[in-house]
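Contents: one structure, followed by commentary.
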Amino acid sequence: MSYLNDHTLYYKKTCPFCVKVMRFMDANHITMDTRDTLQPGNEDDLVRIGGKKQVPCLVVDGRALYESDDIIAYLREKTSAA
């Protein structure tokens, strides 16, 4: 199992693109800090970091990465997941 330090995934349970990223992570045993933007304060943190409420958003060392396909491609490269 790969735990990625300095990585945080902001998501909403009802977002199909978020579900896509989370399923990829589960299938490839990738874990990291995750934050549901429906929980108090998380959406405010996301806006402060990335400037918008869009999810999924992967924050890596304080930089925001959006779009599920881009996030999955990054994770695949970072962890050498198939």
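Average 1/r across all pairs of distinct alpha carbons in the chain, invert it, and you get the Kirkwood radius: 12.5 Å. Across region 53-68, coupling constants 3J(HN,Hα) worked out from phi with the 6.51/-1.76/1.60 Karplus curve, θ = phi - 60°, read 8, 4, 10, x, 9, 9, 9, 10, 6, x, 10, 8, 10, 10, 6, 4 Hz, and Gly and Pro carry x. The portion of the accessible surface of the chain made up by carbon and sulfur, rounded to a whole percent, is 47 (1.4 Å probe; DNA, RNA and ligands excluded). Based on C-alpha pairs under 8 angstrom that are at least 6 apart in sequence, the chain has a relative contact order of 35 percent. By the helix-only formula, in which each DSSP H run with n ≥ 4 contributes -39500 (n - 2.57) and the sum is divided by residues, the chain has a 222 nm mean residue ellipticity of -12000 deg cm²/dmol.
Mind checking the chain for trypsin sites (Lys or Arg not before Pro) that DSSP puts in a loop (not H, G, I, E or B) and that have at most 11 other Cβ atoms within 10 Å? Don't skip to the end; give the middle numbers.
Numbers: sites: LYS12, LYS13, LYS20, ARG23, ARG35, ARG48, LYS52, LYS53, ARG63, ARG76, LYS78; in loops: LYS12, LYS13, LYS52, LYS53.
Sparse-neighbourhood loop trypsin sites (Lys or Arg not before Pro): LYS13, LYS52.
The values are calculated or read from the model by the stated rules, or taken from the named source; none is laboratory data. Computed from a predicted structure; not experimentally measured. In this analysis, Cβ positions are derived from the backbone assuming ideal geometry, glycine residues included, and neighbour counts consider all displayed protein chains. Calculation scope for accessible area: heavy atoms of the full protein, side chains included, ligands and nucleic acids excluded. Shrake-Rupley method; radii C 1.70, N 1.55, O 1.52, S 1.80 Å.
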